[in-house]
1. Report, by residue number, each residue of region 35-56 that is surrounded by 12 or more Cβ atoms within 10 Å (Cβ to Cβ) and among the charged types (D, E, K, R).
2. Kindly list, by first and then second residue, each pair from a residue in region 33-55 that is under 13 Å from Ile14 (Cα atoms) to a residue that is basic (Lys, Arg), limited to pairs with Cβ atoms under 9 Å and residues at least 6 apart or on different chains.
3. When you scan region 12-34, how many residues do you find that are within 15 Å of Glu53 (Cβ to Cβ) and either more than 15 Å from the chain's Cα centre (by Cα) or exposed (fewer than 11 other Cβ atoms within 10 Å of the Cβ) (or both)?
4. Give all pairs with beta carbons closer than 9 Å in which a residue from region 1-29 that is closer than 11 Å to Val39 by Cα meets a residue that is in a strand (DSSP E or B) and of a type in the set (Gly, Ala, Ser); count only pairs at least 6 apart in sequence or on separate chains.
5. Restricting attention to region 18-65, which residues are in contact with a helix residue (DSSP H, G or I) (Cβ under 9 Å, 6 or more places away or on another chain), assigned to a loop (DSSP other than H, G, I, E, B) and modelled with pLDDT of 80 or more?
6. Taking region 3-46, which residues are in contact with a Lys or Arg (Cβ under 7 Å, 6 or more places away or on another chain) and aliphatic (A, V, I, L, M)?
Amino acid sequence: MAYAEMSSLTTNNIEIGFDAKEWIQIIRKKTNGNISVQVLPKAKQILEKYKHELPSICCFFIEGS
């Protein structure tokens with residue numbers, strides 16, 4: 001998943017699929033195509049630990065790089 005999609009994820013992007021599993025559903029900004037990514041058990045544990053509050057993603061620039 002590209003940075004543009006990762007940085008805009010919210011819990012609204014997590015849906016229950018026809019298979020009764022959780023999926024991240026997004027629309028690619030670059031291509032306007034749909035993407036579905038299954039929420040795997042480890043990711044689900046992390047989401048539950050943090051009460052489904054997704055952290056914001058930010059960038060840090062290192063001087064000289």
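1. Matches in region 35-56: Lys44 only.
2. From residues that are under 13 Å from Ile14 (Cα atoms), the pairs are Ile35/Arg28; Gln38/Lys21; Val39/Lys21.
3. The total comes to 1.
4. Glu15/Ser36; Gly17/Ser36; Trp23/Ser36; Ile24/Ser36; Gln25/Ser36
5. Once the filter is applied, which keeps residues that are in contact with a helix residue (DSSP H, G or I) (Cβ under 9 Å, 6 or more places away or on another chain), assigned to a loop (DSSP other than H, G, I, E, B) and modelled with pLDDT of 80 or more, region 18-65 yields Arg28, Lys29, Lys30, Val39.
6. Across region 3-46, the qualifying residues are Ala4, Ile35.
The values are calculated or read from the model by the stated rules, or taken from the named source; none is laboratory data. Here the structure is a predicted model, which means the values were calculated and not measured. Because the Cβ atoms are built from the backbone with ideal geometry, glycine has one as well, and the counts that use them run over all protein chains shown.
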